[in-house]
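Working notes, beginning with the structure itself.
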Amino acid sequence: MKQILELITDKVTEAFETCGYDKKYGWVSISNRPDLCEFQCNGALAAAKEYKKAPIAIAGEVAERLQTLDMFEKCESCAPGFINMNLSKEYLASYVSSMSADTKRMGVDKVAEPKKVMIDYGGPNVAKPLHVGHLRSAVIGESIKRTLRFAGHDVIGDVHLGDWGLQMGLIITELKLRKPELVYFDDTFQGEYPKEAPFTISELEEIYPCASAKSKEDEAYKAEAMDATFKLQHGNRGYQALLGHILTVSVNDLKRNYEKLDVTFDLWKGESDAQPYIPDMVQKMKDDGFAYISDGALVVDVKLDTDTKEVPPCMILKSDGASLYNTTDLATMVWRMKDYNPDTMIYVVDKRQELYFTQVFRCAKKTGIVPEETNLHFIGFGTMNGKDGKPFKTRQGGVMRLEYLLSEVEEKMLSKIQENGTMEGEEAAKTASTVALSAIKYGDLSNQASKDYIFDIDRFTSSEGNTGPYILYTIVRMKSILSKAGFDKNSGASVLAAHSDSEKALMLELTKFSAAVNSAATEMAPHKICAYIYDLANAFNRFYHDTKILAEEDAAVKNSYLSLLALTDNVLETAINLLGFEAPERM
């Protein structure tokens, strides 16, 4: 189904051609002066120079031609050469009815050429709890994944765990100090290792920071941890078994926490999965003449003549032969290309890592790890700050665990629900959880990803203004009306011509759904969906306050109103699903 702007542009370009002008001048946009018109074409201003004719004269000819079409209620030329257009109520109703009939997609076509996309988001370290710093990657990545899938692409989400390096050696060293009797530390043991982990997630989360602190004060302890890391990475059976336990316990806990965020991954791969690919990758870089020794380290030059800032070489191996994050990320690309051969790889990461990913992406292309035609896309996000403008912290000044933040927002929403007296018990708790998630996700996603933002619990949980709860209240209001009327929201019933300005304004907002989704998918920008649904919710609420929907006596008109509500509800619920949350039945 063509977007409304495309259909209007088709007619305007035809009119330009019929009047003897190049069709390139028929480009149409949504008016930035809705008090004057709904749509606008400024092509006559540009055409005037080519045709040596007054722009108002060209605009007048084209507008006169367009005025004969049933599509337009008004089409007029305005000085110095604008063409202002309003759609006819009948044409608009017909378009909205077509959206209504398409109950699954509401007029949004899938892309003509779907791509295979891998999206790397989440990036938690094992043996550590998720904290608020992980929120943005998870929330933004999940929304982009869902939006690209809705657009028709084949999308694979990978959590990309931090499960390699010194942190593993630190955990093993501390565990050996506390429980030296464990069979994993017996080099002579040849049997099968226990299936049950020798620690819980709580113990594991205490062990790592303890070990990390010790390593900063005790050189011998750090040396032992580095030795444990070396043995782990070179196949020590007991340490490999411990790594398996660490991963199992950590991943189970991570899945539980991500589930609370309604964030899912298709792959739970980590840095350790890339290790087998490193030796051959490094050797090939050497054989092909890309990698060379600089100050003892193995590097690949990635600077370009066009660079305005210094881009250092991409380091592949340190002087002691150890690998780095660069090495692991490049090796990860090797297995992704081997196993999935994606057209695009997207990385949702803190924007402060932009230079790092510039180096890695250039190295991947230069060395042939990734073909030139494969798109490598970095989406850098800003920081989530407290009201003081600094990175969000607990009241004690530490980094807040993500589950504590979720609980805090849930408690605030539960308190509001209980104050309203609309529900209690399990239903109130479940609703509070649903609305709290909308507050957190919408509060984050309504900001452009690259921008820092203030996490304001009071504002985000408000049922008024540009917030998740406001969107949900709007949806619940529609659900209530449709339920009282006994109307099937998936009936796809047609809509009559608008009976009021507010009804027409709501219809016009609905026609923008396809453009909003396509723009959000193309630009990988969830904030565009947020901006759209806020405008749509406002348009609906104006219509609701202007119109006695259930009290309407004309059955055909009432049915049309309900069809319009059902479409609006479908659009909003589809959109919030793309953002990663859902609406309760009531609030």
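The values are calculated or read from the model by the stated rules, or taken from the named source; none is laboratory data. Keep in mind the model is a prediction, meaning the values are calculated, not measured. Backbone-built Cβ (ideal geometry, glycine too); neighbour counts: all protein chains shown. When the accessible area is computed, the model is the full protein with side chains, heavy atoms only, and any ligands, DNA or RNA have been set aside. Shrake-Rupley method; radii C 1.70, N 1.55, O 1.52, S 1.80 Å.
Before moving on, here are some points about what is shown:
- Whichever residue in the range 331-377 is under 16 Å from Y121 (Cα atoms) and of a type in the set (A, V, I, L, M, F, W, C) and, among such residues, is farthest from the chain's Cα centre (by Cα): M333
- Just one of the listed residues (D305, D253) is open to solvent by 70 Å² or more (accessible area, probe 1.4 Å) and either under 30 Å from T200 (Cα atoms) or at pLDDT below 95 (or both), namely D305.
- Filtered residues of the range 65-101 (kept if farther than 22 Å from A47 by Cα and open to solvent by less than 40 Å² (accessible area, probe 1.4 Å)): M71, F72, N86, L87, S88, L92, A93, Y95, V96, S97, M99, S100
- Looking only at residues in the range 214-227 that are among the hydrophobic types (A, V, I, L, M, F, W, C) and modelled with pLDDT of 95 or more, the one that is farthest from the chain's Cα centre (by Cα) is A220.
- Lone unmet requirement of (1) in a strand (DSSP E or B); (2) closer than 30 Å to D456 by Cβ for E73: (2)
- Each residue in the range 412-432 was checked for being of a type in the set (S, T, N, Q), in contact (Cβ under 8 Å) with a residue 60 or more places away in the chain and either touching a Cys at 6+ places or on another chain (Cβ under 7 Å) or closer than 30 Å to R136 by Cβ (or both), and 1 of them qualify.
- Residues being closer than 15 Å to H245 by Cβ and in contact (Cβ under 8 Å) with a residue 40 or more places away in the chain are entirely absent from the range 211-226.
- Pairing residues of the range 1-26 that are more than 18 Å from S88 (Cα to Cα) with residues that are among the β-branched types (V, I, T) and outside any helix (DSSP H, G or I), at Cβ distances under 8 Å and at least 6 apart in sequence or on separate chains, gives M1/V108.
- Every test in (1) aromatic (F, W, Y); (2) outside any helix (DSSP H, G or I); (3) closer than 27 Å to F513 by Cβ is passed by Y91 save one, and that test is (2).
Results for (1) open to solvent by 20 Å² or more (accessible area, probe 1.4 Å); (2) of a type in the set (K, R); (3) more than 23 Å from T147 (Cα to Cα), shown as yes or no for each residue.
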residue	(1), (2), (3)
A539	no, no, yes
D546	yes, no, yes
L550	yes, no, yes
D554	yes, no, yes
N559	yes, no, yes
L564	no, no, yes
D569	no, no, no
E573	yes, no, no
N577	yes, no, no
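- Residue in the range 477-492 that is modelled with pLDDT of 95 or more, crowded, with 19+ Cβ neighbours inside 10 Å and under 22 Å from P526 (Cβ atoms) present: no
- In the range 279-304, the residues that are over 34 Å from the mean Cα position of the chain (by Cα) and not in a helix (DSSP H, G or I): D288, G289, F290, A291, Y292, I293, S294, D295, G296, A297, L298
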